[in-house]
Structures are given as C-alpha cells and as structure tokens.
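Engineer: Submitted below is the structure of interest, expressed as structure tokens.
The values are calculated or read from the model by the stated rules, or taken from the named source; none is laboratory data. What you see is a predicted model, and the numbers here were worked out from it, not measured in a lab. Ideal geometry is used to build each Cβ from the backbone, glycine not excepted, and the neighbour counts take in all protein chains shown. Remember, those area values only see protein heavy atoms, side chains included, never the ligands or the DNA or RNA. Shrake-Rupley method; radii C 1.70, N 1.55, O 1.52, S 1.80 Å.
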Amino acid sequence: MSALVSDVGTRTAVAAEDLVKVYGKGDTAVRALDGVSVTFQAGRFTAIMGPSGSGKSTLMHCLAGLDNVDGGKVHVGGTEITALGDKDLTKLRRDRVGFVFQAFNLLPTLTAEANILLGLELAGRKPDREWFDTIVDVLGLRDRLKHKPSELSGGQQQRVACARALVARPDVVFADEPTGNLDSRSGAEVLDFLRMSVRKLGQTVIMVTHDPVAASYADRVVLLADGRPAGEIDSPTTDSVLSALKHLGA
Amino acid sequence: MLRTIIAGLRARTARLVLSSVAIALGVAFVTGTLVLGDAMNASLRDEFAKGARNVDVSVTVSGDSSDVDGISPETLAAIRQAPGVAGADPRGSQAVPVLTANGKAKPAWAVSLPTNEKLREFDLADGRYPTSADEIAVDKRTAATAKLTIGQPVVLLGKEEKRHTYTLVGTYQQGTNTMSLSGYDHVGLTPEAFQALEPERPPYQVVATAAAGFTQQQVVDNVRKAIDAKAFTVQSGEELTQETLARVESQSGEFTALLLAFALIALVVAAMVIYNTFTILVAQRTRELALMRCVGASRGQVFRGVLAEALVMGLTASVIGLFGGIGVSALLQRVILSFGGAGEGVVYLPVSVTTVLAAFAVGTLVTVLAAVLPARKATRVAPVAALRSQPDSGEEVARTGVVRALTAVLFTVIGVGAVVFGMSMDDEDAAMVVSGAGTMALLAAVLVLGPLLVGPVNRVLGVLPRALFGVPAKLASANAGRNPKRTAATTAALMIGVTIVALVTVVANSAKETANAQIDERMPADYTVTSSVYDRPLPKELATQLAAVPEVAKVAPTTVVYGEREYLTGIPRDAIGDLFRPTVTSGSLADLVDGTVAVNADYVKRRNVSVGSMLTIRPEKGEEQQLKVVAVIEGQRLSDGVMTMETSQRFPQAAEGYDSILVKLKDGVANGRAAVERVTDPSPLALLDSAAETKEQLNQQLNQVLTFIWALIGLAVLIALFGIANTLTLSVLERTRESALLRALGLTRGQLRLMLVIESVLMALMGAAIGLLLGIGFGWVITEALSTDTISVDLIVPFGQIGVMLAGAVVAAVVAAALPARRAARTSVVAGMAEA
Ligand SMILES: Nc1ncnc2c1ncn2[C@@H]1O[C@H](COP(=O)(O)OP(=O)(O)OP(=O)(O)O)[C@@H](O)[C@H]1O
Ligand SMILES: [Mg+2]
C-alpha cells in the first residue's frame, strides 16, 4: 500500500487496490469485481476490455466514484475516493473527472454550447475561452453550438460530450463505449480526438470498449475476465487485441 | 391482450394510484355536493312534514277576495263545529322583538301555538306548552342565546314599544325549518295571546284535524259547507303538503345549484388533470407501445388497451370518491350548521341513485373520455419508435396551430363583446350574468392559448430564481418550458381555481370597502344610535334625552322616507354643514328649505333630474309629495338625497320616529361612551354604534361567506396541485437518465432536489400568476357591471390576501415537489444511467 500511495500524485492518475463489488445477496450474489488492482498513469490513453459481463462498466463506475464499492480502495489524483461521502464525490466529479457515455450524454433542453459548459457552470467556474475555442475547433463544432441535441447527429452528439468532458481540464476522462452507437467514420473522429487530447493536450483518458479497432487507439489495454484482471497489452494493435480476447475465450 | 393490460397496471401501480387521487377528489366533490343538496331537501321536507302532520284541512283567506281580511272568531267556531272536525286552530306568525336578559331588543318571530295537541308543529324540549295568555314557550336556541330560563318573565316588545310580559313555561325544538335556517329567534304563544299582540289583524290560516272515522275529503267538504266558501280556500292536508314541498324544493334547489357550480369547476379541473396524466403516461410508453406494435399488436388493440386501463382506474377512483364525497357532505353540513350558530342538528346522508350514477359518470366516463385523445395518439406510434435511441416525449412541442389561434380569437371576441355589453346594461343582475359569462369566455381563450403563453411567462418568472439559485434554477426553467403543452395543461387546472378565487375575493372585498365607505359617510359623528329591529324607528324622546347629556356636544336625529324609486333622509337644518357635510356640485344647500330636496349625483344620473326639477315622491304610506331639487351633492351615500327634518315630517313613515341619531361628543371628554350608554341602555331598541364597530360586524359576515367560498374552491385548487405533483412525478420518472447524467456531471443531491422544487414552483406560479391577473381583471369587470346603478362599487385589490394566495401556491408547489424530488435524489447515478 505504501508503495502505491507514494506513486500517487506523481505519475498515477487513478489507482484501484483490491477492488470488490458484489451485486445481490446469498445464492444470487454476483461478484462483478473480485479483487481488482490496477493503476492508470497520468497522460496516457488506457482501454479496458473483456467479454460481456466481465465487469468493465462496473469497474469504471467504481473508479469514477459513481458507485460505491464493497471492498478495496480507489484513488483519483491522490484522493482516496472510497472514503468520501456523496457531497465530496459530487465535488470530485465536478472538478476532477470528465465523462463520456455511450448514449444520453446531453440534456435535451440545452444547446450544444450550454451542454459543453454545464459542468463548469455547476462548479461555478469561469470557462477558459481560449481552451474552449481550441476544443470546439478541433472537434469541428463551431457552427453547431447553438443547436439542441435533437438537431445533431449521433457522432456530433458524442463530440459535444467529449468537448464537455475536456473543457474543465479534469484529472481523468472516463468513457464507457463512447463509439458504441456510431458508425466507423464517426467513431474514428471521436477516437482521434480522444487520442489527440492525450498526446497533445496531456489529458488522461480511460475508455471501456468492446471494439478491438477502438482499443488500438489506446496506449495500453487492461483486460478483465470474470471480475478479475486478465493481463495487459502495451501499444496495442487491432490484431494483438483480437488474439488476446480470443485467448480469454470471448 | 388482457394479460398485458393487467401486467401494465401492476407495473405502474404507483403512477396510477397518484392519478386516481385526482379523479377520486373530483368525484368526491360532485357526490358530496349532491348528497348535501339531497340532505338539505330531506331535512327541510322533514321539518315541513312536521308542519303538515295531522293537518287534514287547511283554510286560508282566498287571495282574490278583498272584503275578508282574515278568519274571524265566528268562522273559526264554524270550522270547529263542522262535522268530523276533531280540533281546529289558527296559525300565524309575526315579527316581534324579544327582550334579552340584558334588556336589549332582539328581532324574533312569534307564532301562535295550537291548542289541539295533534296540530302542534314543534316538539317540546323542556317544560310544557303555554296554556294561558300570560305564558310563553321559546325555541331552545333562542332560550340559550337570549339567556332565558324557565320560570322567568319574558318581555315582547309590541307596537309603540308596548311591553308584553309572559312567564316562560317551556322550550321547544324548532328544528331546521326556513326560519331557523336564516337564524331567526322564535317564540310561541297561545292563540289568544298571539292575537292580543296585534288585535286588528285576524288570523290568515286555520288548520283542522279530522275525527276518527272521517276521511280527509269528507271533512274538507263539510268545512266548505260550514263557511263562506268563496272567501276562503279550503285545502286537504295532502294538498297542503304537496304545495309546501314544491316551495321547499325550489328554495333548496338554488343552494344546490350554487354548490353544483363549484362541483362543475372541480370537475373541469379534475378532467384536465386526468387528461394530462394520460397524455404523459402514453408519451412515456411510446417505446413500450411501439414494441407491442412490432410484435404484432393492432392499432385497435393498443387503443383498447389504453382505454381499458383508464376504465379500471376510473372505476376504482369512482368508488373511493363516492365514499369520500359522503364524508365531504357530512363535513359541509357540520360547517353549515355551525354557521347557523346552533352547532347541533341532524346530519342527513341520503345517497340517491342519481348520486351514485353521477359519481360513476364523473369518475369513469370523464376518465375514459380524457383518455381517448391520448389513446388515439398511442395508436399513431410507429413501430420503429421502439428502435429509436433517444425517446423524448417532447415530440408534441407546440404546433402553433392556426386552429388554436383562431379558437382563441373567437373566444376573445365573444368574451369582450359580452363584457362590454354587460357593463352597459342597467339591470345589475343581468349585467353581472352577461359580464360574468363574458369573463368565462375570456378564461377559455386564455386556456386555449396556454401552450403559447408558457414560453414567455416562464422566461419572465424564471428571472428571479435564476439570479438567486444559478444553475439548478436555469435547468428547472428549461424543464418547465420544454414541453409547453404539458406545462400548460398542468398549470391550467390551477389557473382556473386561482382565477375564480381571486375573482370572488376581489369582488367581495370591493363590496366590503364600498360598504365601509358608506358606513364612514353615514356615521360622521362619534356615535350613531340606531334601532336594533328593522322597521321599528327610535322614539323621539331619545334624541332629547341624549342632547341633555353634559358630555354631548350635539345631537342630530335623522329620518328615512322610502319612495317608489328612491329613499331619502331627513336631517335637521342646523346639522347640515356640521354633522352632515356633503360636497355640493351644483345648486346650494342654503336653499334647502321646507319642500325642497338635495339629491345625490348618482341619483341625478339615474333619474335624469337637475337643479330646479320637481320630484314626485310616492311613499308606501300617506300621500305623494312634490319636492323641488335645489342642490346636487356628492360624497354622502346615506341615501339618494336629503331634505330637512320638517319636510320629512310630511311623510307618516318619518313622523313615527327616528331612523338614527347622530351624537357628537364635546372635545376631550373622557368616558363619553358610558355617558351616552346611560341614556341608550334603558331603551330596548337603541343600539349604540361607532363606525368601527359597525364595520367590524359587516366585515365579519363577509369574511364568513368568503371563507366558505375559499373552502369550496380550495378543493379545486387541491386537485390542481395534485396535478402538478402528478406531472412532476411522471416527468421525474421520464427523466431518470437525465438526472443521473446531471449527478454524474456534478449536480449535488440538494441541487437536484432544488431543481425539481423550482420547476414545481415555476409551474404553480405560472398558473397562479395568470389566474390572479385574470381574476383581478374579471373582478374589475364584475364591479363595473355591479356599479352601473345605485352605487358605484370601487375596485379593491386585496393585496394581503393575494399575497397569501401566492405564498400558498409556492408552499403547495414545494410540498407537491417533495416526493418526486426525494425519489429523484435517491436514485443512484449508476441505476439511473441503466434505466431504459
Ligand atoms: N445492478 C446490477 N445488479 C445485479 N447484477 C449486476 C448489476 N449490474 C451488473 N451486474 C452484473 O455484474 C456483472 C458485470 O457487469 P458489467 O455491467 O460491469 O459488465 P460489462 O463488462 O460492462 O458488460 P458489457 O460488455 O455487456 O457492457 C454482470 O455479470 C452483470 O450481470
Ligand atoms: Mg458495460
């Protein structure tokens, strides 16, 4: 534990230690996470992969403080979030974590611009205009800012979600199958942007995905099976990911 | 299909129960009203049945015979001697003040108690019936309020203040007949004693009971033969009963109609809430319904499915509402009985077939009808909707329909037309009805325009919360405006309730202020002495006695003269300009001498007279008089005009005594009131009033009426608030994912709750604000319509009460949001995201 803590704050953005998450009770209990220890370095793009039901989404929810755990610890940027109450978790999400979900990322009542700035506004922070412009231009959203989500395509909606996740410069961005609903071209745009935000802007991104092609954009792949870590791949390619998954029996 | 419906009902129990509450409340109100109406009829019928019990023959003076003005003792004897008559007694009643324990007169009705036991209308409560002319029995309630006990003397104040003293020997239960409903006190005398109160007026009716072995018809025929059949109407007991019942029903029918009007409002409000609920339920189930269409359900099946759900809900709610309504009726009867001052009385709960049918018609039919449109919409759900990723029920974003705009214009034109026409009418009753109908058309126009108003009103109302609460308020405001049709339908119910409450309150307060202003002008002096009994003037010596009191600076008696189309005040010449100071607009009060009159500006307009005209006054008693108009005055609403005391003495009515005596105290005297009371206390009729006390009394009465109306409309408002809670709950369920997303982005639980509370408050304020504006506007229309004639009613907006209403709406909205907000905040982020 001491080794881990000393690491935190220098190079580690997010760390999980012996994480356990159980759904249900008695006979029907499911150990969705069964002793997962894993670290995610700052400034890197990590993909979490594994067969369906292996606990990827659960892990991400626990890492992001969206769900409570039944055992183990999670550190985000030096803070042990498993010890925090709802108020502090909320504050953590506001200030230090960004999210991109598979769908329903945006509030239908707000324009694209208002959606992008929503997190900052909740935190009561002034947006950095220059940074905002950079993100909007990189994502090609300039002429869509005044539109409501219902007037945007699926790919555009996901790009707006990415912009919102990044505009607050969080310690880490979590993305759960951000390209799951997109065609390959729109998916590639979103992935390109996430990779660029890591390489050029120094962001930390943790992404859950099913898609080996999507995983190949990452710097590293963490594999899960039956709620336990099942290996890692550095500098993954589509092929290396595919063969690793085949090996897991997915 | 049936299994799917049942499964659907089970899965949505919570939502359906919530919606059923709105229906049940509506049903409860309608049945409550009907049961109450039936109960009033039943109790009145009971009471009148008492009056007609054992009466086999009734003899009254026939209306078209002018030479007989009553039933003479000879005629009575003839009736008594007719074959088959077991007993006969005169019946009659007259207004005679009774002196209470403190020596003050109190208006009361004296009745002649039959000597024949079978013919007695009242049941003895205590003691016995009077048997001699110096004995008296009084109604139980009167005995209590006037503090009279058996064995004590009771004094009735006859004509010319003649005191008649009797010994109280018993009390009886008057029950709930017409007089007790209006709260009159009541005393009973033997026929001889009753006759002695007004010897010159013989009885008007004699009732008789048949001896054993005679039929009603035989006795009727025998009585007819015994007396001059042309001068009298002889009826059988049966006919008398029928006649009385017909009268009773037309009386209580008016009250039932009033209650039904309120029930109708509650019903309209409930129907809107139900309609709205179903629209939302169907919108939320777009996906589910589309899925059913995907797996092969036909349009008809989907339609019938939604209707079947409504039917089940309506039936359940009707049953609950029916029983609730019976409870409401019992409660209202208690309230009415307590207003009567008695605090006791029988609560009747007759449940007729009509009531049961009405309950089910309202609860079930209205629910099913309200569900038809949403059900039709459900059939139009395309099967592909099941496959769409983002189901947003905001699909019905207001189509700014031309039809909608045209309908609104039509209603506006009708409304404005009726209002303008009504205000120009002379007869204030008709004016009120026409203008009132016009305002309701305008209300309909606003209702139709609702969805178009939501946007702008929401923006205006949202400014303050946005400035105060930041992001949650901004989100709340966006939510309130996201589906204008839904918001409009939700707030419309509240709007109707508030419009009517505000309207009634404004009109009542305007009337109250107008009356208060009248009192101020009527009572320029420190004290005013008036008569406690209507049409019994004050004795003239009283003015002389008051003038002799050392503390009194000045005394001015007034008289009143009723003409055919006006009433005028007589006042001593030297009080004009002193205790009586009107503003003169033309002519001069210096010219007000014998045979002249100064009239009010209102009256001038109404009767088209001017200075110099001759007025012909035709009083009820005495000869007509010609008076010359010498001045037009303003700022006194004492009456239509004034004349000098001497002029008024030409009228017998004014010569009898004084209508009031104005008393002005010397400057700086202490205990002025006590000094005046030393003179007024011994006089049974004299009532000492200061303007403040009179106002207080009047305001109390008006407030009572207002409270009753607030309570009635309160139910409609309650249903409307349920509608808001309902919509909010359904919206929260619909937006589970959205709430989860907001929480993921950093909205705290508290902020999420705050957001929903603000959304609720915004909706409530939208309804309340528009309702208040309309209500005040309509109130102005009605006061204008009312003031066309005799007096001008000024518009008074009771800001205090309106503030209370607004604050109430805000508090209620917060309460309405409590459950949905709790629910939304409790859902965990992950669970919320997983929601389909
Ligand atoms: N709310 C829940 N209640 C009970 N069991 C759950 C719940 N959520 C997840 N699980 C179980 O936990 C395990 C892990 O689920 P999780 O959603 O993390 O899987 P996943 O790897 O994200 O799968 P997929 O690739 O299909 O999204 C599964 O076996 C699932 O059935
Ligand atoms: Mg998953």
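Engineer: Taking the criterion of being at pLDDT below 80, surrounded by fewer than 15 Cβ atoms within 10 Å (Cβ to Cβ) and not assigned by TED's automatic domain parsing to the domain that holds B:V507, would at least one residue in region B:640-647 satisfy it?
Structural biologist: No, there is no match, as no residue in region B:640-647 is at pLDDT below 80, surrounded by fewer than 15 Cβ atoms within 10 Å (Cβ to Cβ) and not assigned by TED's automatic domain parsing to the domain that holds B:V507.
Engineer: Among the residues of region A:23-36 satisfying the criterion of being more than 14 Å from chain B (Cβ to nearest Cβ) and under 25 Å from A:V173 (Cα atoms), which is farthest from ligand 1 (Cβ to nearest atom)?
Structural biologist: Checking each candidate, the answer is A:G35.
Engineer: So B:V501 passes all but one of these: (1) of a type outside the set (G, A, S); (2) farther than 22 Å from B:L718 by Cα; (3) in contact (Cβ under 8 Å) with a residue 24 or more places away in the chain. Which condition number does it fail?
Structural biologist: (2) is the only condition that B:V501 fails.
Engineer: Can you tell me which condition B:A836 does not meet? The list is (1) within 14 Å of chain A (Cβ to nearest Cβ); (2) modelled with pLDDT of 75 or more, and all the others hold.
Structural biologist: (2)
Engineer: Could you give every pair whose Cβ atoms fall below 7 Å, whose first residue belongs to region B:131-148 and is free of Cβ contacts under 8 Å to residues at least 40 places away in the same chain, and whose second residue is assigned to a helix (DSSP H, G or I), counting only separations of at least 6 or pairs across chains?
Structural biologist: none
Engineer: Considering (1) open to solvent by 40 Å² or more (accessible area, probe 1.4 Å); (2) basic (K, R); (3) farther than 15 Å from A:A47 by Cβ, say which one A:R164 fails and leave the rest.
Structural biologist: Going through the list (1) open to solvent by 40 Å² or more (accessible area, probe 1.4 Å); (2) basic (K, R); (3) farther than 15 Å from A:A47 by Cβ, A:R164 breaks only (1).
Engineer: Could you figure out which of (1) within 16 Å of ligand 1 (Cβ to nearest atom); (2) part of a helix (DSSP H, G or I) isn't true of A:L19?
Structural biologist: (2)
Engineer: A further question follows. Name the pairs: first residue in region A:158-170 and at the interface with chain B (Cβ under 10 Å from one of its Cβ atoms), second residue in a loop (DSSP other than H, G, I, E, B) and charged (D, E, K, R), Cβ to Cβ under 8 Å, at least 6 apart or on different chains?
Structural biologist: Hits for this filter: A:A168/A:R125.
Engineer: Taking region A:51-109, which residues are of a type in the set (V, I, T), within 16 Å of ligand 1 (Cβ to nearest atom) and open to solvent by 30 Å² or more (accessible area, probe 1.4 Å)?
Structural biologist: Selection gives A:V69 alone.
Engineer: Could you tell me which residue of region A:220-250 is nearest to ligand 1 (Cβ to nearest atom), considering only residues that are open to solvent by 20 Å² or more (accessible area, probe 1.4 Å) and charged (D, E, K, R)?
Structural biologist: A:D226
Engineer: Now, a different point. When you scan region A:137-154, do you find a residue that is modelled with pLDDT of 80 or more, open to solvent by less than 60 Å² (accessible area, probe 1.4 Å) and touching a strand residue (DSSP E or B) at 6+ places or on another chain (Cβ under 9 Å), even just one?
Structural biologist: So far as region A:137-154 goes, no, none of its residues is modelled with pLDDT of 80 or more, open to solvent by less than 60 Å² (accessible area, probe 1.4 Å) and touching a strand residue (DSSP E or B) at 6+ places or on another chain (Cβ under 9 Å).
Engineer: On to the next question. Looking for whichever is under 18 Å from B:V555 (Cβ atoms) and out of contact with any helix residue (DSSP H, G or I) (no Cβ under 8 Å at 6 or more places or on another chain) here; the options are B:R650, B:R607, B:R673, B:R618. Which one fits?
Structural biologist: B:R673
Engineer: Has region A:95-102 got at least one residue that is free of Cβ contacts under 8 Å to residues at least 60 places away in the same chain and either within 16 Å of ligand 2 (Cβ to nearest atom) or under 30 Å from B:R459 (Cβ atoms) (or both)?
Structural biologist: No, region A:95-102 contains no residue that is free of Cβ contacts under 8 Å to residues at least 60 places away in the same chain and either within 16 Å of ligand 2 (Cβ to nearest atom) or under 30 Å from B:R459 (Cβ atoms) (or both).
Engineer: While we're here: Return yes or no: is B:M432 under 30 Å from B:L752 (Cα atoms), crowded, with 19+ Cβ neighbours inside 10 Å and away from every other protein chain (no Cβ under 14 Å)?
Structural biologist: no
So that you can scan it fast, the table gives a plain yes or no per residue for (1) modelled with pLDDT under 75; (2) in a helix (DSSP H, G or I); (3) open to solvent by less than 70 Å² (accessible area, probe 1.4 Å):
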position: B:A371; (1), (2), (3): no, yes, yes
position: B:A378; (1), (2), (3): yes, yes, yes
position: B:A385; (1), (2), (3): yes, yes, yes
position: B:G394; (1), (2), (3): yes, yes, yes
position: B:L406; (1), (2), (3): no, yes, no
position: B:A418; (1), (2), (3): no, yes, yes
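Engineer: Report every pair of residues separated by at least 6 positions or lying on different chains whose Cβ atoms are under 9 Å apart, first residue within region A:50-64 and touching a residue at least 40 places away in the same chain (Cβ under 8 Å) and within 17 Å of A:A16 (Cα to Cα), second open to solvent by 30 Å² or more (accessible area, probe 1.4 Å) and within 9 Å of ligand 2 (Cβ to nearest atom).
Structural biologist: A:K56/A:E177; A:K56/A:H210; A:S57/A:E177
Engineer: Another question, then. Could you pull out the residue among B:I770, B:I791, B:I796 that is modelled with pLDDT of 80 or more, assigned by TED's automatic domain parsing to the domain that holds B:S731 and either among the aliphatic types (A, V, I, L, M) or within 16 Å of ligand 2 (Cβ to nearest atom) (or both)?
Structural biologist: The match here is B:I770.
Engineer: Restricting the search to region B:608-633, which residues are exposed (fewer than 14 other Cβ atoms within 10 Å of the Cβ) and of a type outside the set (G, A, S)?
Structural biologist: B:N608, B:M614, B:T616, B:R618, B:E620, B:K621, B:E623, B:E624, B:Q626
Engineer: Look at A:K91 and say whether it is closer than 25 Å to B:S477 by Cα and more than 14 Å from chain B (Cβ to nearest Cβ).
Structural biologist: no
Engineer: Criterion first (in a helix (DSSP H, G or I), within 14 Å of chain A (Cβ to nearest Cβ) and more than 19 Å from B:L281 (Cα to Cα)) does B:A740 satisfy it?
Structural biologist: Yes: the conditions hold for B:A740.
Engineer: Return the total of residues in region A:116-130 being crowded, with 24+ Cβ neighbours inside 10 Å and more than 7 Å from chain B (Cβ to nearest Cβ).
Structural biologist: 1
Engineer: Could you tell me which residue of region A:171-190 is nearest to B:L742 (Cα to Cα), considering only residues that are away from ligand 1 (no atom under 16 Å from the Cβ) and open to solvent by 10 Å² or more (accessible area, probe 1.4 Å)?
Structural biologist: A:D171
Engineer: Turning to a different aspect of this structure: Which of the residues spanning region A:24-75 are hydroxyl-bearing (S, T, Y) and either part of a loop (DSSP other than H, G, I, E, B) or in contact with a Phe, Trp or Tyr (Cβ under 7 Å, 6 or more places away or on another chain) (or both)?
Structural biologist: The answer is A:T46, A:S52, A:S54.
Engineer: Also, quick follow-up: Out of the residues in region A:208-231 that are away from ligand 2 (no atom under 16 Å from the Cβ) and in contact with a Lys or Arg (Cβ under 6 Å, 6 or more places away or on another chain), which is nearest to the other protein chains (Cβ to nearest Cβ)?
Structural biologist: A:Y217
Engineer: Would you call A:V205 touching a helix residue (DSSP H, G or I) at 6+ places or on another chain (Cβ under 8 Å), within 14 Å of another protein chain (Cβ to nearest Cβ) and away from ligand 1 (no atom under 16 Å from the Cβ)?
Structural biologist: So A:V205 fails the test.
Engineer: Across region A:23-49, what is the number of residues that are free of Cβ contacts under 8 Å to residues at least 40 places away in the same chain and within 16 Å of ligand 2 (Cβ to nearest atom)?
Structural biologist: Residues flagged as free of Cβ contacts under 8 Å to residues at least 40 places away in the same chain and within 16 Å of ligand 2 (Cβ to nearest atom) within region A:23-49 amount to 2.
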